[in-house]
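Provided herewith is a single structure, encoded as structure tokens, for subsequent inquiry.
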Amino acid sequence: MSDMVQGNVIDKYKRYLLLERGLSKNTIESYMRDLNKLLVFIEDKQLLLRLIKTSDLEEFLAGLYDSSLTPRSISRVISTLKSFFHFLLLDQYREDNPTDLLESPKSNIKLPVVLAIEEIDQILSVIDVSTLEGTRNYAIIETLYSCGLRVSELTNLRFSDLYFDEGFIRVSGKGNKQRLVPISEIATQKISNWLDYRKQINVKKGNEDIVFISSRRGKALSRITVFHFIKQYAEEAGIKKEVSPHVFRHSFATHLLERGANIRVIQEMLGHEKITTTEIYTQIDRTFLRQEIIEHHPRNNQSIKKNITHDTNYD
């Protein structure tokens, strides 16, 4: 396949990711970075994209292992390869898919940090809600936790997305996919408190519909600003965990699961495209339950504790 034809294939694949898969710009760029590794390999080996075999891809992946790429990164590359060759099959550039037999490397899953409800209350308790910024920041944290939002979804929240009478907000997630998420009464009240203060701010043109804005600049808050004040509040509250905006999203999902919520419902509320992404919280839930047994079971001595701690079969 000539460079020109190969370039056309890559361009068509990018359009496929954008228009048919509905992926975000950042996600597409990540796909293309991984795909570029393969294209460099193909050029070095003087292979044809149309004729590349599973054995060629295994040699390519072996090179990634040798370069000390982490198992998680290699799994991401394999995911990109599977997506790309599936596209080539759909577009009839190939008659087979050489990635069918590729397996992702096994790796230890790093569980996300989760806050207990008491820890969330501790963080909220250090916020001075007598100030404009304190009222805004309290509303932000309550909304992150109440609705399980990504920080970008929070900073992009608009007045036209608020349906308080119905008890929902509309969220624009990855790939600009929209979903309706229930919002708690307390989060609704905290946002309303902030909106009373917001009227005092000179809002810059183009930001009139943004819910959470900077008190000084009159523009939408940056994600960095939210990261900064959440970390500061966590330190003031004496929380030793590494707290970020995403931790409230993890906590939201885990607390729902602990209380019996259906995992499919949680998937829908978080805006996860795949259920496997949501299933990470079942592992957090099991870890939590195991720890509760270790700490509170009346017949749990050191010997039993040791056995439970090293048991990885949670069935």
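Only the coordinates and a few stated rules stand behind these numbers; no lab work does. Fair warning: this is a prediction, and the values are worked out from it, not measured in the lab. Please note: Cβ atoms are built from the backbone with ideal geometry, for glycine as well, and neighbour counts cover all protein chains shown.
Give the order of SER125, SER73 when sorted by the count of other beta carbons within 10 angstrom, beginning with the fewest. The partial results should precede the final answer.
Details: SER125 10, SER73 15.
Fewest-to-most Cβ neighbours within 10 Å comes out as SER125, SER73.
Show me, for region 9-18, the HN-Hα J-couplings you get by feeding each phi into the Karplus relation (A = 6.51, B = -1.76, C = 1.60, θ = phi - 60°), rounded to Hz, glycine and proline as x.
4, 5, 4, 5, 5, 4, 5, 4, 5, 6
Rank these for me by crowding, THR143, THR135, going from fewest to most other beta carbons within 10 Å.
Numbers: THR143 27, THR135 21.
With the fewest neighbours first, THR143, THR135 line up as THR135, THR143.
Which whole-Hz ³J(HN,Hα) couplings does region 67-74 yield from phi under the Karplus relation 6.51 cos²θ - 1.76 cosθ + 1.60, θ = phi - 60°, glycine and proline marked x?
Working through the residues one at a time gives 7, 6, 5, 5, x, 5, 5, 5 Hz.
Cα atoms only: what Rg and Dmax, in Å, come out for region 117-276?
Both quantities, over Cα of region 117-276: 15.2, 45 Å.
Could you give the length gained by full extension between SER184 and ARG259, i.e. 0.36 nm per residue of separation minus their alpha carbon distance, to one decimal place? Numbers along the way, then the final one.
Working: separation 75, 0.36 × 75 = 27.00 nm, distance 1.61 nm.
Answer, rounded to one decimal: 25.4 nm.
Let me ask something else. Local charge sum around SER160 (other residues, Cβ-Cβ under 12 Å, Lys/Arg +1, Asp/Glu -1)? List each step's numbers first, then the result.
Working: positive: ARG158, ARG170; negative: ASP161, GLU208, ASP209.
Here the charged neighbours net out to -1.
Per Stokes-Einstein, at 25 °C and 0.890 mPa s, what whole-number D in µm² s⁻¹ belongs to region 3-90, with the Kirkwood radius over Cα pairs as the hydrodynamic radius? Before the final figure, lay out the partial values.
Working: Rh = 13.5 Å.
Here the translational diffusion coefficient equals 181 µm²/s.
Once phi is turned into θ = phi - 60°, what whole-Hz ³J(HN,Hα) does the Karplus curve with 6.51, -1.76 and 1.60 give for every residue of region 233-245, x standing for Gly and Pro?
Per-residue couplings from phi come out as 5, 4, 5, 5, 7, x, 7, 8, 6, 7, 9, 9, x Hz.
Once Rh for region 41-121 is found with the Kirkwood sum over Cα pairs, what is the Stokes-Einstein diffusion coefficient at 37 °C and 0.692 mPa s, in µm²/s?
221 µm²/s
Would you tally the net charge around THR143, using a Cβ to Cβ cut-off of less than 12 Å, leaving THR143 out, and scoring K and R as +1, D and E as -1?
Charge balance in the 12 Å sphere: +1.
How long, wide and thick is region 136-214, going by the Cα atoms along their three principal axes, in whole angstroms, largest first?
30, 28, 21
Same structure, new question: How large are Rg and Dmax for region 182-257 when calculated on the C-alpha trace, in angstrom?
For region 182-257, the Cα radius of gyration and maximum Cα-Cα distance read 14.7, 42 Å.
Also, I was wondering about something else. Pairs LYS204/LYS274; LYS219/LYS274; LYS14/LYS231; LYS82/LYS174; LYS82/LYS241; LYS14/LYS274: which exceed 31 Å Cα-Cα?
On the way: LYS204/LYS274 38 Å; LYS219/LYS274 34 Å; LYS14/LYS231 37 Å; LYS82/LYS174 21 Å; LYS82/LYS241 36 Å; LYS14/LYS274 21 Å.
Beyond 31 Å between Cα atoms: LYS204/LYS274; LYS219/LYS274; LYS14/LYS231; LYS82/LYS241.
Moving on. Ranked by Cβ crowding within 10 angstrom, fewest neighbours first, how are VAL265, VAL114 ordered?
Working: VAL265 12, VAL114 22.
Ranked by crowding around the Cβ, least crowded first: VAL265, VAL114.
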